[in-house]
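See structure below.
Just so you know, all these numbers are worked out from the coordinates, no wet-lab data involved. Since we're looking at a predicted model, the values are computed, not measured. Reconstructed Cβ throughout: ideal geometry from the backbone, glycine too, with neighbour counts over all protein chains shown.
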Amino acid sequence: MKNYSRKEKLKHGFWQNKPMSEMSKVEWEALCDGCGKCCLNKLEDDETGKVHYTSIACRLLDNESCKCSQYSARHQFVPECIVLTPKNIAEHAYWLPKTCAYYLVWKGKELYDWHPLVSGTSNTVHEENVSVQNKTIAEFEVNDDEWEDYLWEEEV
Ligand code: SF4
Ligand code: SF4
């Protein structure tokens, strides 16, 4: 006999009235808009602490889908990949894109209309040009001392 697992049904607007610490794993994961921006390599200014995004993508990011190509096994390949949680978001908020749903909800702000949870489709993040789709270069194609030549020009 085949086993079926029940999918958790997401309640519309759960992010507006549920504290992050009380969100289920499914709700937490659903908050991600799939923009792929957090998977871009970044440079941090030693003096000012300012974070500059580059167009150089993590080796596992798919430039087309903007998804991690090995999400469940990613730490085998990229041990430094940060797992964002309700407990550590305050520590990481400074470098998150200002459009990131985790950042917005943490700040008590509303999600944008293009967020898949609002629009009902994952395409809108690409259609509204919020994602990194087709805008990245793979990190193995760029020398470490050339990263400054690949600063991300759009607002993050
Ligand atoms: S920046 Fe935020 S919303 Fe975008 S892919 Fe990363 S975690 Fe998801
Ligand atoms: S390992 Fe995957 S989730 Fe982590 S930064 Fe790279 S592409 Fe993104």
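Things worth noting here:
- Unique residue being in contact (Cβ under 8 Å) with a residue 12 or more places away in the chain, within 22 Å of Ser21 (Cβ to Cβ) and not in a loop (DSSP other than H, G, I, E, B) when the list is Leu117, Leu111: Leu117
- Filter result (more than 18 Å from Gly34 (Cα to Cα), surrounded by 11 or more Cβ atoms within 10 Å (Cβ to Cβ) and aliphatic (A, V, I, L, M)) within the range 74-121: Val78
- Check on Trp114, touching a Leu at 6+ places or on another chain (Cβ under 7 Å) and farther than 19 Å from Glu27 by Cβ: no
- The residues in the range 33-68 that are touching a strand residue (DSSP E or B) at 6+ places or on another chain (Cβ under 9 Å), away from ligand 1 (no atom under 14 Å from the Cβ) and closer than 16 Å to Ala138 by Cβ can be counted, and the count is 4.
- Residue that is nearest to ligand 2 (Cβ to nearest atom) [pool: residues in the range 10-47 that are under 21 Å from Val83 (Cβ atoms), exposed (fewer than 13 other Cβ atoms within 10 Å of the Cβ) and of a type in the set (D, E, K, R)]: Glu29
- Any hit, the range 133-144, residues being within 29 Å of Gly13 (Cα to Cα) and in a loop (DSSP other than H, G, I, E, B): yes
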